[in-house]
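The values are calculated or read from the model by the stated rules, or taken from the named source; none is laboratory data. Fair warning: this is a prediction, and the values are worked out from it, not measured in the lab. Counting neighbours? That spans all protein chains shown, and the Cβs are built from the backbone with ideal geometry, glycine included.
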Amino acid sequence: MPNIKELTDLTTQVRRDILRMVHKVNSGHPGGSLGCAEFFVSLYQKLMETKDGFDMDGIGEDLFFLSNGHISPVYYSVLARSGYFPVEELNTFRLIDSRLQGHPTTHEGLPGIRIASGSLGQGMSVAIGAAQAKKLNNDDHLVYSLHGDGELQEGQNWEAIMYASAKKVDNLISTIDLNQQQIDGCTDDVLPMGSLRAKFEAFGWTVLDIEKGNDIEAVLEGMKKAKSLTGQGKPVCVLLHTVMGNGVDFMMHTHAWHGKAPNDEQLAIGLEQNTETLGDY
Amino acid sequence: MGIIMKTYTYTEKKDTRSGFGAGLAELGRTNPNVVALCADLIGSLKMNEFIDENPERFFQIGIAEANMMGIAAGLTIGGKIPFTGTFANFSTGRVYDQIRQSIAYSGKNVKICASHAGLTLGEDGATHQILEDIGLMKMLPGMVVINPCDYNQTKAATIAIADYDGPVYLRFGRPSVPIFTPADQKFEIGKAIQLTEGTDVTIVATGHLVWEALEASKALHEAGISAEVINIHTIKPLDDKAIIESVSKTGCIVTAEEHNYLGGLGESVARVLAQHKPTPQEFVATNDTFGESGTPAQLMDKYGLNSDAIQKAVKKVMKRK
């Protein structure tokens, strides 16, 4: 099991991957990707129990579903660096004939991906279905999902949130990336959602906050706590407080880098702030 | 010497949705991976028998069809074969993006089972009478689209699609219609069934219109017109070969369906003929319109979806040969 230093190094390398991927094709979504680097690294390196290799059914292992598919750069980087496919393949992100589509898909057969996402608001329903399949299969592994906070404006989420508690889907940990930004601005300016804690609790979920969502130790501690709260009759919601664009100073605390790639000069600054640790792809 | 026409009779009428319910119940007994989901319409979809026998394999979703489609996609991850049940309107248009991304593009083995399709839903009116669903579903890459014609065929189709690995749209309806196909039929996805042999005109029909096509062929026979009736239960993939072979003999064709002529079976047939064998064609279908309240028979008459309408279309198309 990697130690904190190793996880931190990996996170830095993942941030470099994200910047280089979106820069190369001058498109993609760096902001949310950077904000979730610690979460993905924690999940795939420490928290999830996974089997060697990849099969779609995932029986006998933990599963993860990304609902806000636009943060594919962080997902691809962490999957590659966790051994799902060669890291060199990150070079093909968003290019023609690539398995690394702009938004994640099963269609091209990329190992690690179990559902297409991109059109927002659909991932929680899928995660619930997979969690209920685990129960039918007497498989006591967990299902994790990640959602943007702005994404919760999609109504299907609330159908899913209502259902998961009503049906006691307690093998599910749904994490909300609470960066308070969306394409058109702050979530509070675009469509204020009030207290997400109060909303999830009112819908019957167990809720816990990870205040330092970009501190790998805090993320690990919080997610371990979330894990300990499964199996108690309620689905678990983690409110992961993150900073969009984390780790690259000019990208932080703004929605401006939601879906915009850095130019050559900006890339150089970003990479300078995140020096190579494990080797670039 | 006149051709002796094969005739079809029936002793019982039943709704095709009950065929779905019976097929699902049988799957419950024979295939442990089959699970069922419903959005608050258990009785309408005739799912009670499956639920009574397999309560642990049934998921009541509530009135939340988008969530139902996502959950169904998720259940396939773990090897389940989910059958979703709700009205055709709520099975397609209401959840199109969910089906497109989470089921079709993701290649999930979900069976979308849709009752109360078309005008024959009746008195509830146009809000519930979808006439666009075949078009919506056939345009999705990889989606199989099936519209069986009677109770027996719907039951057989329900059982058959469990053995097919991939997304399927199964469309059926509410009214009682004659049962004229064999109870022991083997349902082959994508294989047209020739019901009568004829030389003057081809009539290809799907769903409730198949019986109407047979009725029309009887009347036409008495008028000296020999009609070849083909049951196209699978709209996608379409049995191109059967259609081309038949029109090669008859030289003209009428398509009949309880659906808008835009996007339906008729358009699929026209595409095949335009590419391979340009042939005069007439469409028995709704004419780019919504439905309205009324009894099924009144509606099928008003919107021209019955034996009379098919006979008129035949006479028209034969003049164009």
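The requirement of being touching a residue at least 24 places away in the same chain (Cβ under 8 Å) and either more than 21 Å from residue B:260 (Cα to Cα) or touching a Pro at 6+ places or on another chain (Cβ under 8 Å) (or both) is satisfied by residue B:201.
Give A:96, A:176, A:128, A:115 a once-over and let me know the one that is surrounded by 23 or more Cβ atoms within 10 Å (Cβ to Cβ), more than 9 Å from every other protein chain (Cβ to nearest Cβ) and at pLDDT 95 or above. Break it down into steps so the answer makes sense when it comes.
Numbers: A:96 fails: surrounded by 23 or more Cβ atoms within 10 Å (Cβ to Cβ); A:128 fails: more than 9 Å from every other protein chain (Cβ to nearest Cβ); A:115 fails: more than 9 Å from every other protein chain (Cβ to nearest Cβ).
Step by step, each of A:96, A:176, A:128, A:115 is checked, and only A:176 is surrounded by 23 or more Cβ atoms within 10 Å (Cβ to Cβ), more than 9 Å from every other protein chain (Cβ to nearest Cβ) and at pLDDT 95 or above.
For the range B:288-297, the criterion of being surrounded by 14 or more Cβ atoms within 10 Å (Cβ to Cβ) and without any contact (Cβ under 8 Å) to a residue 60 or more places away in the chain is met by no residue. Within the range B:191-211, the set of residues being within 14 Å of the chain's Cα centre (by Cα) and more than 15 Å from residue B:241 (Cα to Cα) comprises B:205, B:206, B:207, B:208, B:209, B:210, B:211.
The single condition from (1) under 19 Å from residue A:11 (Cβ atoms); (2) under 21 Å from the mean Cα position of the chain (by Cα); (3) surrounded by fewer than 23 Cβ atoms within 10 Å (Cβ to Cβ) that residue A:267 fails is (2). For the range B:51-66, the count of residues that are β-branched (Val, Ile, Thr), closer than 27 Å to residue A:164 by Cα and outside any helix (DSSP H, G or I) is nonzero.
Evaluated against (1) at pLDDT 95 or above; (2) more than 19 Å from residue B:164 (Cβ to Cβ), residue B:19 falls short on exactly one condition, (2).
Being surrounded by 18 or more Cβ atoms within 10 Å (Cβ to Cβ) and more than 14 Å from every other protein chain (Cβ to nearest Cβ) is not true of residue A:139.
Got at least one residue in the range B:36-46 being more than 18 Å from residue B:172 (Cα to Cα) and either out of contact with any Phe, Trp or Tyr (no Cβ under 9 Å at 6 or more places or on another chain) or not in a helix (DSSP H, G or I) (or both)?
At the first step, the residues of the range B:36-46 found to be more than 18 Å from residue B:172 (Cα to Cα) are none.
No, every residue in the range B:36-46 fails to be more than 18 Å from residue B:172 (Cα to Cα) and either out of contact with any Phe, Trp or Tyr (no Cβ under 9 Å at 6 or more places or on another chain) or not in a helix (DSSP H, G or I) (or both).
Working only within the range B:204-242, note down all residues that are closer than 20 Å to residue B:274 by Cα and either of a type in the set (Phe, Trp, Tyr) or free of Cβ contacts under 8 Å to residues at least 12 places away in the same chain (or both). Hit for the range B:204-242 is B:241, nothing else.
Among the residues of the range B:12-31, are any within 14 Å of chain A (Cβ to nearest Cβ) and part of a loop (DSSP other than H, G, I, E, B)? Lay out the reasoning, then the answer.
First, the residues of the range B:12-31 that are within 14 Å of chain A (Cβ to nearest Cβ): B:28, B:31.
Then keep just the ones that are part of a loop (DSSP other than H, G, I, E, B); that gives B:31.
Among the residues of the range B:12-31, at least one is within 14 Å of chain A (Cβ to nearest Cβ) and part of a loop (DSSP other than H, G, I, E, B), which makes the answer yes.
Of all residues being in a helix (DSSP H, G or I) and away from chain A (no Cβ under 14 Å) in the range B:80-101, which is nearest to residue A:135 (Cα to Cα)? Just the residue, please. Walk me through it before giving the result.
In the first step, residues of the range B:80-101 are kept if they are in a helix (DSSP H, G or I); the result is B:88-91, B:93-101.
Checking the rest, the ones that are also away from chain A (no Cβ under 14 Å) come to B:88-89, B:91, B:93.
Numbers: B:88: 30, B:89: 31, B:91: 26, B:93: 31 Å.
Within the range B:80-101, the match that is nearest to residue A:135 (Cα to Cα) is B:91.
Screening the range A:51-83 for residues that are surrounded by fewer than 19 Cβ atoms within 10 Å (Cβ to Cβ) and in contact with a Phe, Trp or Tyr (Cβ under 8 Å, 6 or more places away or on another chain) and picking the one that is farthest from the other protein chains (Cβ to nearest Cβ) gives A:82. Cβ-Cβ distances below 8 Å connect the following pairs, each with a first residue in the range A:152-178 that is more than 17 Å from residue B:65 (Cα to Cα), a second residue that is among the acidic types (Asp, Glu) and outside any helix (DSSP H, G or I), and a separation of six or more residues or different chains: A:171/A:140; A:176/A:149; A:177/A:149; A:178/A:149.
Among the conditions (1) touching a residue at least 60 places away in the same chain (Cβ under 8 Å); (2) polar (S, T, N, Q); (3) within 9 Å of chain A (Cβ to nearest Cβ), the only one that residue B:153 does not satisfy is (3).
Which residue is farthest from the other protein chains (Cβ to nearest Cβ), if the candidates are limited to the range A:154-173 and must be under 16 Å from residue A:237 (Cα atoms) and charged (D, E, K, R)? By that ranking, first place goes to A:170.
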